[in-house]
Amino acid sequence: MKICDNVHQIRINFNVKEDIKRYVYIYIIEGKKLYLVDSGVKGSEKIIEDYLFSINKSIKDIKGIFLTHSHPDHIGSAAKLKGLSKSKIYAPYDEKEWIEDIDKQFKERPIPNFYGLSDKSVKIDKYLKKKEIIKLEEDIHFKVVDASGHSRGSLSYLWIERNILFTGDAVPVPGDIPIFTDFKRSIDTLERLKSIDEINFCLPEWDRVYNKNEYKGVIDSSIKLLNNINDEVRCLKLKTNDKKEIFENVCNNLNMNSFKSNPLFKKSVLSCLDKE
């Protein structure tokens, strides 16, 4: 789907488990060459190839792939796309171990269907650090924005000339499952993203596209959501040290019972206990 001039969105559907359906968006930036923000899950190259064909482009036109973080729904087809296109992989320096060694990632974060979502490890060509500015073409400069919290080294990318912000998974969606590894860093990231003025489009990799009149309100809602979870954990911590009891009561009290079976949500909730 075309979002605006020179920016396209592709939805990739996948299953974490048979009964857990998810999706992720990847983005295509058109210049003299093509650039992707994330790669989707294993097998996404086929969907990308079909979409590019529909706009008279080819995978071989891809010059760079920007990974926002290391989770399998974002890096799953990166190795295959790199091989097909001979493109460069740009990725967070702080997440290189999990991108360049998916076995290590699975050992440390064993999610269901991991190898069904991840094709293989991929070598990063350019390690990115926050506040860097990457010149891709004369009118395509990406500013690297620290978006840690969802994962250790998550990044967002700001297309400076167009004021388009690619946020990855940094902005939790009210009503959907919030996944984060560090509450404080997630809040700091949301405040940082909110402080970026004159954004024309905010492009997350779930939920939907937000325009300049919407995105700050969405970020405020996300901040409220995370603060509600943290406040509930802190309150329950005064009554019990039983982590299972704390987690179940957070789900009950915040009407999040549908997320109880998700181990990543449990880790997110209990990570608030680490904030003293």
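Just to check your reading of the model, which residue among K82, K57 is in a loop (DSSP other than H, G, I, E, B), under 22 Å from L136 (Cα atoms), without any contact (Cβ under 8 Å) to a residue 60 or more places away in the chain and open to solvent by 40 Å² or more (accessible area, probe 1.4 Å)?
On the way: K82 fails: in a loop (DSSP other than H, G, I, E, B).
Selected residue: K57, the only one of K82, K57 that is in a loop (DSSP other than H, G, I, E, B), under 22 Å from L136 (Cα atoms), without any contact (Cβ under 8 Å) to a residue 60 or more places away in the chain and open to solvent by 40 Å² or more (accessible area, probe 1.4 Å).
Does the stretch 11-24 include one or more residues that are over 19 Å from V173 (Cβ atoms), open to solvent by less than 20 Å² (accessible area, probe 1.4 Å) and not aromatic (F, W, Y)? No: the stretch 11-24 contains no residue that is over 19 Å from V173 (Cβ atoms), open to solvent by less than 20 Å² (accessible area, probe 1.4 Å) and not aromatic (F, W, Y). Within the stretch 85-97, being within 23 Å of K143 (Cβ to Cβ), not acidic (D, E) and not in a loop (DSSP other than H, G, I, E, B) holds for K88, I89, Y90, A91, P92, Y93, K96. Collect the residues in the stretch 225-276 that are among the acidic types (D, E) and surrounded by 18 or more Cβ atoms within 10 Å (Cβ to Cβ), keeping them in residue-number order. Within the stretch 225-276, E232 is the sole residue that qualifies. Among the residues of the stretch 121-130, just one is open to solvent by less than 20 Å² (accessible area, probe 1.4 Å) and in a strand (DSSP E or B), namely L128. Can you confirm whether the stretch 47-58 contains a residue that is small (G, A, S) and under 26 Å from E100 (Cβ atoms)? No: the stretch 47-58 contains no residue that is small (G, A, S) and under 26 Å from E100 (Cβ atoms).
Kindly evaluate G40 against the criterion of being assigned to a loop (DSSP other than H, G, I, E, B) and surrounded by 15 or more Cβ atoms within 10 Å (Cβ to Cβ).
yes
Restrict the check to the stretch 91-100 and report whether at least one residue is among the hydroxyl-bearing types (S, T, Y) and either free of Cβ contacts under 8 Å to residues at least 24 places away in the same chain or under 17 Å from I26 (Cα atoms) (or both). No, the stretch 91-100 contains no residue that is among the hydroxyl-bearing types (S, T, Y) and either free of Cβ contacts under 8 Å to residues at least 24 places away in the same chain or under 17 Å from I26 (Cα atoms) (or both).
The requirement of being buried (at least 17 other Cβ atoms within 10 Å of the Cβ), outside any loop (DSSP other than H, G, I, E, B) and of a type in the set (K, R) is fulfilled nowhere in the stretch 98-111; no residue meets it. Assuming S222 fulfils every condition listed in (1) among the small types (G, A, S); (2) open to solvent by 30 Å² or more (accessible area, probe 1.4 Å); (3) in contact with a helix residue (DSSP H, G or I) (Cβ under 6 Å, 6 or more places away or on another chain) apart from one, which condition is it? Against the list (1) among the small types (G, A, S); (2) open to solvent by 30 Å² or more (accessible area, probe 1.4 Å); (3) in contact with a helix residue (DSSP H, G or I) (Cβ under 6 Å, 6 or more places away or on another chain), S222 comes up short only on (2). Mind checking which residues of the stretch 147-202 are over 20 Å from V24 (Cα atoms), in contact with a Lys or Arg (Cβ under 7 Å, 6 or more places away or on another chain) and of a type in the set (V, I, T)? If the condition is that a residue be over 20 Å from V24 (Cα atoms), in contact with a Lys or Arg (Cβ under 7 Å, 6 or more places away or on another chain) and of a type in the set (V, I, T), then I160, I199 are the ones that fit.
Of the residues making up the stretch 63-79, those that are outside any helix (DSSP H, G or I) and surrounded by fewer than 24 Cβ atoms within 10 Å (Cβ to Cβ) number 2.
Would you confirm, using the coordinates I've provided, whether D19 is out of contact with any helix residue (DSSP H, G or I) (no Cβ under 7 Å at 6 or more places or on another chain), at pLDDT below 95 and over 23 Å from K129 (Cα atoms)? Outline the logic, then answer.
Details: out of contact with any helix residue (DSSP H, G or I) (no Cβ under 7 Å at 6 or more places or on another chain): yes; at pLDDT below 95: yes; over 23 Å from K129 (Cα atoms): yes.
For D19, the condition - out of contact with any helix residue (DSSP H, G or I) (no Cβ under 7 Å at 6 or more places or on another chain), at pLDDT below 95 and over 23 Å from K129 (Cα atoms) - is met.
Of all residue pairs spaced 6 or more apart or on separate chains, those with beta-carbon atoms under 8 Å, a first member in the stretch 218-236 that is of a type in the set (D, E, K, R) and a second member that is open to solvent by less than 40 Å² (accessible area, probe 1.4 Å) are E232/V250; R234/C272.
Per-residue answers, yes or no, for (1) more than 20 Å from V171 (Cα to Cα); (2) in a helix (DSSP H, G or I); (3) charged (D, E, K, R):
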| residue | (1), (2), (3) |
| --- | --- |
| K224 | no, yes, yes |
| V233 | yes, yes, no |
| E245 | yes, yes, yes |
| S261 | yes, no, no |
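The values are calculated or read from the model by the stated rules, or taken from the named source; none is laboratory data. None of the values given here were measured: they were computed from a predicted structure. Quick reminder, even Gly has a Cβ in these numbers, built from the backbone with ideal geometry, and neighbours come from all protein chains shown. To get the accessible areas, we keep the full protein, side chains included, count just its heavy atoms, and leave off ligands, DNA and RNA. Shrake-Rupley method; radii C 1.70, N 1.55, O 1.52, S 1.80 Å.
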